[in-house]
Amino acid sequence: MKCKLAHDRIVAAAYRELADELKRELDLHLEACPLCRDEQRQMLALKAMADANPVLEPDANLVARSRQRLNAALDALPPQRWYDRLSQRIQISFAGLQAVPVAACLLLLVGVGAGSLGGYNLAQKRAAQTPVARASHTQQAQTATASQAGAAAPAEIANISSIVRQPNSHIVEVRYNQMVPQRIEGSLDDPAIRQLLMLASQNSASAGVRDDSVGLLAAECTAGHGCKAEGIRDALLVALRHDKNAGVREKALKGLESYVSEDVHVRNAVLEALLNDSDPKIRTAAINMLQPVQGDTSVRQVLHSVADTDRNPYIRNVSRQVLSNVPEMGIQ
């Protein structure tokens, strides 16, 4: 058996969807192949994480709003010409001759295409209104108060150009660009300042600005200043998972440390960092953060997998040390 086929059967076996005779073949292959045994251990660890966090059904209101938006997008489509209708009828007739899954896929593609075209038309209409909005913005002053910035929607802000915190103070100056450069100054507790910091953590093209914004947001989380209610925690989770700068990810991880015990979403993000982050320093910090929750089944599974199979010997040793703190969970 080739390893590629074995990997497919490992997944099926993990979900108990592999026939007995195929499972026996897989077991024989695993006995002789250490690489596939490592693949099986990692698969079982990831499955344990998934089982610990079942998928939630979407909110009924969200489904209703999504259908309304799709209907609005379809209504915005221009009337079809006669040859478009003829082509559509031919496609529908052809789909009726196919199996049900194929027909479902075609219907899905038609729905996606209609939604995309409706969104394009809406974007064209908004673009036509841009000169009017630009003329209005150029009449504003180049500086704005924090209360004025609160009225500006994130979509109206082009980018965040700089973030400066006054020494020994809770005051932060954020400079951002609309049609002309703007700046505001206010406390870290100000909702407008927080909104701009969260925007900078995700949308700025400057790694330095992201580093400054994530650092301030992480400090707010560490201090327990409304980290969850204002969406700051979500911004840190996004930075930890997706930011390309290791320094930014490290600050985001530090800001989430206080919540690894109480928030399963934070715990899962830390486990993902341990398994996938390219920076050994961040992975080591993730292991140390998981010590208070090492009794959790998914955490133990991941730590055991890393301790047994990780390519980095230092990471393996740190994982073993954490597991050895609890004798009944340590590695034999």
* For the range 122-226, list the strands (runs of 3 or more DSSP E) that sit wholly inside it and hold at least 3 residues that are touching a helix residue (DSSP H, G or I) at 6+ places or on another chain (Cβ under 7 Å), within 23 Å of residue 245 (Cβ to Cβ) and at pLDDT 80 or above; which are they? -> 159-165, 171-177
* Which residue pairs have Cβ atoms closer than 8 Å, lie 6 or more positions apart in sequence or on different chains, and pair a first residue in the range 310-325 that is more than 21 Å from residue 43 (Cα to Cα) with a second residue that is assigned to a loop (DSSP other than H, G, I, E, B)? -> 322/290; 322/294; 324/330; 324/331; 325/294
* Among 247, 224, which is the only one that is on the phi > 0 side of the Ramachandran plot and either of a type outside the set (D, E, K, R) or within 15 Å of the chain's Cα centre (by Cα) (or both)? -> 224
* Run residue 305 past the list (1) small (Gly, Ala, Ser); (2) in a helix (DSSP H, G or I); (3) more than 16 Å from residue 46 (Cβ to Cβ) and report the number of the one that doesn't hold. => (3)
* Asked: Quick one: how many residues across the range 1-26 are in a helix (DSSP H, G or I) and in contact with a helix residue (DSSP H, G or I) (Cβ under 9 Å, 6 or more places away or on another chain)?
  -> 14
* To do: Within the range 231-243, identify whether any single residue is surrounded by fewer than 23 Cβ atoms within 10 Å (Cβ to Cβ), touching a helix residue (DSSP H, G or I) at 6+ places or on another chain (Cβ under 7 Å) and within 14 Å of residue 321 (Cα to Cα), and answer yes or no.
  => no
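The values are calculated or read from the model by the stated rules, or taken from the named source; none is laboratory data. Just so you know, these numbers come straight off a predicted model, no measurement behind them. Backbone-built Cβ (ideal geometry, glycine too); neighbour counts: all protein chains shown.
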